[in-house]
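Below is one structure, written out as structure tokens, with a few remarks after it.
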Amino acid sequence: MKDLLEKYTQLSDDHQKEVIDFINFLLNKQVKASVFDLQAYQQEIQAVSVWSEDDLAPILEAKQNINSWKSTEW
């Protein structure tokens, strides 16, 4: 550990910040990998929007009529 601290102090300020950022990234990754909140996941999935038949009707109508559309002349 002493060797690591000596090397760290030899780095420039920018590189020291980069090392700290990387360590924080690894720590966050480690915490997130071990924690799974099933209830939060279920709420997130339930919040996904669902389209009704009324929502789809204009899209399906446009699909049927798309071949009859005339393109504008340039």
| task | Being surrounded by 10 or more Cβ atoms within 10 Å (Cβ to Cβ) and outside any helix (DSSP H, G or I) is the filter here, so list the residues in the range 5-56 that pass it. | result | Leu11
| task | Test Lys63 against the stated conditions and say whether it is under 30 Å from Leu4 (Cβ atoms) and either of a type outside the set (Ser, Thr, Tyr) or not in a helix (DSSP H, G or I) (or both). | result | no
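Here, each number is a calculation from the coordinates, and none is a lab measurement. These numbers were taken from a predicted model, which means no experiment stands behind them. For neighbour counting, all protein chains shown are included, and Cβ atoms are generated from backbone atoms with ideal geometry for every residue, glycine included.
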